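Inspection log for the structure reproduced underneath, given as structure tokens.
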There are 2 protein chains.
Amino acid sequence: MGTKKKHGKKHGKKHKKKGEKGSGSPFSDALRVSDGFVLADVDQRSTPAFDGDKQEGKDALVAADGEMDDLQERLYAQSRSGGRRRVLLVIQGMDTSGKGGIMRHVVGAVDPQGTQITAFKAPTAEEKEHPFLWRIRNALPQPGMIGVFDRSHYEDVLVVRVHDLVPPAQWKRRYATINDFEESLVEDDVTLIKVMLHISANEQKERLMERLERPDKYWKFNPGDLDEREFWDDYQQAYQVIMDRCSPERAPWFVVPADRKWYARLAVQQILLEHLRDLDLRWPEADFDVEANKERLQAM
Amino acid sequence: MGTKKKHGKKHGKKHKKKGEKGSGSPFSDALRVSDGFVLADVDQRSTPAFDGDKQEGKDALVAADGEMDDLQERLYAQSRSGGRRRVLLVIQGMDTSGKGGIMRHVVGAVDPQGTQITAFKAPTAEEKEHPFLWRIRNALPQPGMIGVFDRSHYEDVLVVRVHDLVPPAQWKRRYATINDFEESLVEDDVTLIKVMLHISANEQKERLMERLERPDKYWKFNPGDLDEREFWDDYQQAYQVIMDRCSPERAPWFVVPADRKWYARLAVQQILLEHLRDLDLRWPEADFDVEANKERLQAM
């Protein structure tokens with residue numbers, strides 16, 4: 001096992017080989033943001049905690065389906081016996097970073113009855129009349145569910161900060177507000193997993209160009225995407241500030257290199273899986289007389 | 001192609017071989033309820049419109065994933081250009097009839113960003129204060145989406161009728177109310193597909209017994225399920241009345257034999273697919289200058 005360097009808030013540098021013993025959370029450990037983390041130092045084409053190639057990565061993704069199904073069903077089953085635990089997976093990233101692919105290939109592989117995706121767009125008139133966390137609170141997962149946010153309250157310190165959509169004094173307060181909010185979630189039996197899909201500017205250019213070259217992709221393109229691309233550096237800086245200010249030990253970020261789609265999908269799946277494993281989910285006991293019900297049914 | 005018998009409201013009797021030419025909707029044609037339909041005449045172990053065995057059925061299910069993905073994405077893409085079309089798949093059936101399996105294996109194979117499952121349980125106190133269609137209207141799919149109802153407004157003429165949960169004069173009016181409501185949906189660009197998963201009493205017994213024999217299935221069992229089983233015949237009759245009164249040409253029911261899970265899943269998938277094909281879904285045109293945006297992006 002590699003030595004874990006402890007030099008402030010960094011991307012975990014511990015790469016592990018498959019099957020190696022030690023921490024059961026190689027992806028989480030490798031991608032967790034801690035003190036001293038520098039976004040600009042992350043190689044967007046790297047594949048921390050995974051030594052395989054693309055095909056091996058795709059195979060590993062599919063191979064984990066069974067365990068994911070089992071753990072998700074246990075989480076859900078527990079809620080039927082009064083368990084309050086739920087999972088909230090927050091996905092952030094620049095345009096074309098692959099958020100949709102995560103929804104489709106990672107979340108989509110889980111029983112849809114146990115997952116709930118909420119996509120946050122520009123706030124509606126009604127949403128703007130409320131505090132920025134209002135629509136977030138309304139979308140929190142119920143016990144037993146895996147909630148997934150496609151964008152989130154972090155947009156309120158990203159696009160809002162980059163374009164000063166509210167006065168700076170207002171968005172500056174939000175970092176502390178977010179930390180308090182997330183701490184309350186963690187206290188309230190929410191397993192919070194925050195993931196940034198981190199792509200390079202060049203990769204974004206290629207992905208946007210593909211949308212302009214294929215008529216079946218036109219609908220995904222919006223000329224405004226290019227306007228936003230002009231602010232690339234401002235967004236990177238806004239993400240850096242988030243990592244500096246909103247990645248406490250109990251609610252850390254995971255920054256996933258995302259220039260390779262297959263790796264990003266595998267990494268998000270594995271981070272989710274590692275968190276589910278840690279919950280030690282058991283099947284609930286029967287709260288009825290099994291034998292008596294068997295007898296009754298047999299006679300029907 | 002077999003001769004389509006026209007003798008009143010019946011289960012379609014047209015069985016077709018794979019690859020045979022003619023109507024492009026063999027499952028829909030074989031399972032659609034029309035005048036003279038008798039629920040008790042349906043063999044719950046039959047496999048209309050499919051000649052293959054279990055493995056071939058499972059293979060056929062997976063083989064259709066690609067086309068389903070493509071059609072769903074076109075439906076969604078159209079909504080981004082102002083299209084109003086949406087799909088509503090209503091799933092009904094007795095306890096253990098396999099509704100959950102449909103959600104997991106048929107709906108779950110589609111991009112979760114384009115589907116929206118709503119499970120209707122016993123109404124809450126708030127829901128009871130409103131007309132029975134209130135919660136249904138609130139859950140209708142947005143344009144571009146495939147909405148799926150796990151139980152529906154039909155519970156209000158099923159469990160409500162069997163147990164007289166409201167005065168009979170009240171539930172008796174609901175058949176006409178439902179027909180009017182569904183007609184308004186069809187007028188409003190909703191492709192409405194109503195499916196009853198039809199199992200035998202013996203099959204239910206086996207499936208309930210399995211929940212009592214496996215500790216990882218206990219959580220799915222409720223002693224009240226046996227109380228409901230006592231009313232089996234009443235429920236069958238209530239379903240028959242639904243088929244008699246609420247299966248007009250523009251909003252017909254499809255009764256799917258469901259003792260074989262693999263067949264029921266394939267049939268529901270194929271019925272959905274046949275309806276999507278009929279929509280003739282095209283990719284939207286670009287509403288921006290493709291070449292100008294390519295040039296701008298290239299220079300960035």
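The values are calculated or read from the model by the stated rules, or taken from the named source; none is laboratory data. If you're wondering where the values come from, they're calculated on a predicted model, not measured in any experiment. Here the Cβ positions follow ideal geometry from the backbone for every residue, glycine too, while neighbour counts run over all protein chains shown. The area values use the complete protein model at the heavy-atom level, side chains included, leaving out ligands, DNA and RNA. Shrake-Rupley method; radii C 1.70, N 1.55, O 1.52, S 1.80 Å.
Structure summary
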| read-out | value |
| --- | --- |
| Rounded tilt (10° steps) of A:232-245 against the dominant C-alpha axis of chain A | 50 |
| Point-charge dipole on Cβ atoms (K/R +1, D/E -1) for the protein assembly as shown, about Cα centre, debye to 20 | 660 |
| Nearest-first distances (nm) between copies at B:Glu127, label 7 Å from Cα via Cβ | 2.6 |
| Solvent-accessible surface ranking, highest first, for A:Arg173, A:Arg277 at 1.4 angstrom | A:Arg173, A:Arg277 |
| Principal-axis tilt of helix A:54-63 within chain A, Cα atoms, nearest 10 degrees | 30 |
| Average accessible surface area per residue within the protein assembly as shown, 1.4 Å rolling probe, Å² | 46 |
| Shielding by other protein chains, A:221-227, mean Cβ within 10 Å | 4 |
| GNM top mover of B:Gly147, B:Gly66, B:Gly98 - chain B, alpha-carbon springs below 10 Å | B:Gly66 |
| Simple label model, 7 Å out from Cα along Cβ direction - B:His130 to A:Asp41, nm | 5.3 |
| Rounded to 5, the percent of DSSP beta bridges in segment B:32-282 classed as antiparallel | 5 |
| Innermost chain A residue relative to the axis carrying A onto B, by Cβ distance in angstrom | A:Pro112, 3 |
| Spin-label proximity, A:Asp180 to segment A:245-281 - amide N less than 20 Å from point 7 Å beyond Cα toward beta carbon | A:245-252 |
| Long pairs among A:Lys58/A:Lys194; A:Lys121/B:Lys128; B:Lys121/B:Lys261; A:Lys128/B:Lys128; A:Lys294/B:Lys99; A:Lys121/B:Lys58, criterion Cα-Cα beyond 26 Å | A:Lys121/B:Lys128; A:Lys128/B:Lys128; A:Lys121/B:Lys58 |
| Candidates B:Ile136, B:Ile91, B:Ile146, ranked by Gaussian network fluctuation over chain B, Cα under 10 Å, top entry | B:Ile136 |
| Ascending list, in nanometres, of distances separating the A:Asp216 label from those of the other copies (7 Å, Cα toward Cβ) | 3.7 |
| FRET efficiency estimate (nearest 0.05) - Cβ-Cβ, B:Arg173 to A:Asn222, R0 51 angstrom | 0.60 |
| Column: log10 I(q)/I(0), Debye, Cα scatterers of the protein assembly as shown, q = 0.07, 0.09, 0.10 Å⁻¹ | -0.49, -0.81, -0.99 |
| Two-site FRET efficiency, A:Gln55 against B:Phe231, from Cβ-Cβ distance with R₀ of 51 Å, rounded to 0.05 | 0.40 |
| Among beta bridges that DSSP assigns inside the protein assembly as shown, antiparallel share in %, nearest 5 | 10 |
| Residues listed by number, segment B:159-176, amide nitrogen under 20 Å from B:Ala122 label point at 7 Å toward C-beta | B:159-168, B:171 |
| Peptide-level mean, for A:74-86, of C-beta atoms on other protein chains within 10 Å | 1 |
| Candidates per trypsin sites (Lys or Arg not before Pro) in segment B:77-170, loop by DSSP, up to 14 other Cβ within 10 Å | B:Arg84, B:Lys121 |
| Crossing angle, helix B:201-213 versus chain B [Cα axis fit, 0-90 degrees, rounded to tens] | 80 |
